[in-house]
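Student: Sharing a structure with you now.
The values are calculated or read from the model by the stated rules, or taken from the named source; none is laboratory data. Quantities reported herein were computed from a predicted structural model and do not represent experimental measurements. Virtual Cβ from ideal backbone geometry, glycine too; neighbours counted across all protein chains shown. Side chains included, ligands, DNA and RNA excluded: accessible areas come from the protein's heavy atoms. Shrake-Rupley method; radii C 1.70, N 1.55, O 1.52, S 1.80 Å.
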Amino acid sequence: MSEPSIPPIPKLLLCIPLFITFLKIGPTTFGGGYAILPIIDKEVTGRRQWLREDEMSEITALSAAAPGGIGINVASLVGYRIAGLPGLLVSVIGISLPTIVIMLTLCLGAAHYSHYPWVQAALIGIKPTVIALIAYAAIRMGRQILNDKLAWILVAICSLLLLFTTINPLIILLLGASAGLGAAYRRYRSLRRRSTKKHQAEDHNTYHSSTSAR
């Protein structure tokens, strides 16, 4: 992904709101990285309007394909896209710092409070909301991506493979990449054939016009 063409001074100035934004987002990562996607999306494309929705979808797809936690990956790419390398660094620090502090606090207090009924009740209530957040992220991303037959076929095949086999998710990603490359190659071949036929027809018409003129 190429670095945005923003002058150096605005990039550095954007690091402060980037850090504050991801510092606020960090504590919301209950239930895994995918639950954080709609929150980042609303902040980056809605409230701040730093990126368009199609750019955010591209970043999400790249983050899911890369190793590591998707929340950190998204923060890294968003930060880099908006403010270059400094933006990447402050975004990662901002999203990681609250998690580190919260985990240290939980580790210190787990032995004393984990058995309390109100703590267990809170966790039981959080789990369904995490599912809702993940579903929201999937639906919002699907509106941007599921716009042709190939995309729907890939979703169906990959979902079945993940649900009913023990296939490695990396193979699923490679399958999707191969299908995308294959579709792009077919479109390229089709456009090339059409262009060749068009040129042949133009040459044929030119030849007949010159013959008639003689």
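Student: Just a yes or no: is a residue in the stretch 100-110 of a type in the set (Val, Ile, Thr), closer than 21 Å to ASP41 by Cα, open to solvent by 80 Å² or more (accessible area, probe 1.4 Å) and part of a helix (DSSP H, G or I)?
Tutor: No, that holds for no residue.
Student: Now for a different question. Looking at the stretch 1-29 only, could you name the residues that are at pLDDT 75 or above and closer than 18 Å to THR60 by Cα?
Tutor: LEU18, THR21, PHE22, ILE25, GLY26
Student: On to the next question. Taking only pairs six or more apart or across chains, which ones have beta-carbon atoms under 6 Å, a first residue in the stretch 68-82 that is free of Cβ contacts under 8 Å to residues at least 24 places away in the same chain, and a second residue that is open to solvent by 20 Å² or more (accessible area, probe 1.4 Å) and assigned to a helix (DSSP H, G or I)?
Tutor: These pairs meet every condition: SER76/LEU88; SER76/VAL92.
For (1) polar (S, T, N, Q); (2) open to solvent by less than 100 Å² (accessible area, probe 1.4 Å), each residue gets a yes or a no:
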site: SER159; (1), (2): yes, yes
site: LEU162; (1), (2): no, yes
site: ILE167; (1), (2): no, yes
site: LEU175; (1), (2): no, yes
site: LEU181; (1), (2): no, no
site: TYR188; (1), (2): no, no
site: THR196; (1), (2): yes, yes
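Student: Restricting to the stretch 113-147, and then to whatever is open to solvent by less than 70 Å² (accessible area, probe 1.4 Å) and not in a helix (DSSP H, G or I), can you tell me which residue is modelled with the highest pLDDT?
Tutor: Here the residue is LEU146.
Student: Something else about it: Give me the pairs: first residue in the stretch 163-192 and more than 17 Å from ASP148 (Cα to Cα), second residue of a type in the set (Gly, Ala, Ser) and in a helix (DSSP H, G or I), beta-carbon distance under 6 Å, and six or more apart or on different chains, which are they?
Tutor: Listed by first residue and then by second, the contacts come to LEU173/ALA65.
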